[in-house]
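Undergrad: Below is the structure I would like to discuss, written out as structure tokens.
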Amino acid sequence: MSALPAEMIGPEVTDPDRLRMMWLAVLVEGVNTALGHGVGKISVAQRVEAVSWIGSQDFDAVCGFIGIEPTVVLMQIETLREMGLPFEVEVWG
């Protein structure tokens, strides 16, 4: 499968802020799935996969796309895991 040129998919899709928000959504859902707070019913296999994703090279890449340090996210995840709370991110415009 080849990538589509930006002019075929529209400038809003390649806008850096929109891409950052998309990757942020990926991070939030992945972490919440690992913590057992994901959207919808989460299977054991999905949770195991999400837990193994945390701290992986792909996880680090997603954090990089967003512009945040993976180790900071890992510390936040550990705190939330201990408290049994979901992962939430506030976004400022």
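Undergrad: Please find, within segment 72-91, the residue that is surrounded by the most Cβ atoms within 10 Å (Cβ to Cβ) out of those that are part of a helix (DSSP H, G or I) and among the β-branched types (Val, Ile, Thr). Lay out the reasoning, then the answer.
TA: From segment 72-91, those part of a helix (DSSP H, G or I) are 72-83; that's our starting set.
Pick out the ones that are also among the β-branched types (Val, Ile, Thr) and you get 72-73, 77, 79.
Values: Val72: 10, Val73: 21, Ile77: 18, Thr79: 10.
Checking each candidate, the answer is Val73.
Undergrad: So Cys63 fits all but one of (1) of a type outside the set (Asp, Glu); (2) within 23 Å of Asp17 (Cα to Cα); (3) without any contact (Cβ under 8 Å) to a residue 24 or more places away in the chain; what number is the exception?
TA: Unmet for Cys63, out of (1) of a type outside the set (Asp, Glu); (2) within 23 Å of Asp17 (Cα to Cα); (3) without any contact (Cβ under 8 Å) to a residue 24 or more places away in the chain: (3).
Undergrad: For segment 1-71, which helices (runs of 4 or more DSSP H) that fit wholly inside it have 2 or more residues that are under 24 Å from Leu85 (Cβ atoms), at pLDDT 90 or above and of a type in the set (A, V, I, L, M, F, W, C)? Step through it out loud before you land on a result.
TA: Values: elements: 6-9, 16-35, 44-53, 57-66.
Helices (runs of 4 or more DSSP H) meeting the threshold: 16-35, 44-53, 57-66.
Undergrad: Need the failing condition index for Ala50 against (1) within 12 Å of the chain's Cα centre (by Cα); (2) loosely packed, with under 12 Cβ neighbours inside 10 Å, just the number.
TA: Of everything listed in (1) within 12 Å of the chain's Cα centre (by Cα); (2) loosely packed, with under 12 Cβ neighbours inside 10 Å, Ala50 misses just condition (2).
Undergrad: Taking interchain pairs and intrachain pairs at least six residues apart, which have beta carbon atoms under 9 angstrom, with the first residue in segment 24-35 and under 14 Å from Asp58 (Cα atoms) and small (Gly, Ala, Ser) and the second at pLDDT 90 or above and not in a helix (DSSP H, G or I)?
TA: From residues that are under 14 Å from Asp58 (Cα atoms) and small (Gly, Ala, Ser), the pairs are Gly30/Ile54.
The values are calculated or read from the model by the stated rules, or taken from the named source; none is laboratory data. Bear in mind that the values here come from a model prediction, so they are computed numbers and not experimental data. Please note: Cβ atoms are built from the backbone with ideal geometry, for glycine as well, and neighbour counts cover all protein chains shown.
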